[in-house]
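The values are calculated or read from the model by the stated rules, or taken from the named source; none is laboratory data. It should be emphasised that the depicted structure is a prediction, and the values quoted were computed from it without experimental measurement. Here the Cβ is made from the backbone with ideal geometry for all residues, glycine too, and neighbour counts use every protein chain on show. Side chains included, ligands, DNA and RNA excluded: accessible areas come from the protein's heavy atoms. Shrake-Rupley method; radii C 1.70, N 1.55, O 1.52, S 1.80 Å.
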Amino acid sequence: MTSPDQPAHAEPANTSLANRYGAKKRRFSPTAKRVGGGIALAAGIGFMAWVSTSNSLNDVSFKDVGYVTTDATLAEVDFQVTREPGTPVQCAIKALDSKYAVVGWKVVDIPPSEADGTADGGRTVSQRVPVRTESLSVSGVVDSCWIPGDSGG
C-alpha cells in the first residue's frame, strides 16, 4: 500500500527479445521445402500444358497473300487460313482506300476441309474473296478470323 507521500513503484518492464518481437517463428524442414517445391513445380508445368493445349485446339491463323482491284466497285482479296481440319471458320475481309479508310467489308464462311490430299493434312486452305466497295480500293486484307461460336471474333 502506498501513502500519498510515496509514489508507487512500477514493476520493471520485461525487456526480453521474445516479449518485444514475438516468439521465434518455426521453419520448415529441408524435406518439407523439397516436397512443397516439387508440388509447386508440378502444378506450374500442368498449368502451362493446359494453357498451351487449350489455345492450340481453337487456334486459327491467317495470312494475307494479295489483292486485285477490279474497278471502283470491286476488290478481290487472296489469303490463307490455317486451322484444324474439319473446323469451319469465319473471316472478316476489308478493302481500304489510299487513306486507310474501309471502303468495303465482308464476313465469309470457310467450310471444314478434308484432312487428306494436302501437304499439311488439310490445315491450310487458300481463299479468293470478292468484296464490293463504295469507292476505289488500294488494298485488301483479312481483319480477323475465328471459329463460329467462339468469342474470338
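Tabulated data for the structure shown
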read-out	value
Area accessible to solvent at VAL60, 1.4 Å probe radius, in Å²	30 Å²
Stokes-Einstein D for region 71-111, Kirkwood Rh over Cα pairs, 10 °C, 1.306 mPa s (µm²/s)	133 µm²/s
Partner lysines for LYS25 [C-alpha distance under 17 Å; skip if fewer than 8 residues away on the same chain]	LYS33
Qualifying chymotrypsin sites (Phe, Trp or Tyr not before Pro) in region 71-152, DSSP loop, other Cβ atoms within 10 Å at most 14	TYR100
Karplus (6.51, -1.76, 1.60) ³J(HN,Hα), θ = phi - 60°, over region 87-101, in Hz, Gly and Pro reported as x	9, x, 9, 10, 10, 9, 10, 9, 10, 10, 8, 5, 9, 6, 7
Amide hydrogen neighbours beyond the local backbone of SER113, cut-off 5 Å, H modeled	GLY86, THR87
Whole-angstrom Cα spans of region 62-141 along principal axes, big to small	41, 18, 17
Whichever lysines have a C-alpha closer than 30 Å to that of LYS94, once near sequence neighbours (fewer than 8 apart) are set aside	LYS63, LYS106
J(HN,Hα) series, region 63-69, from Karplus relation 6.51 cos²θ - 1.76 cosθ + 1.60, nearest Hz, glycine and proline x	9, 6, 10, x, 8, 9, 9
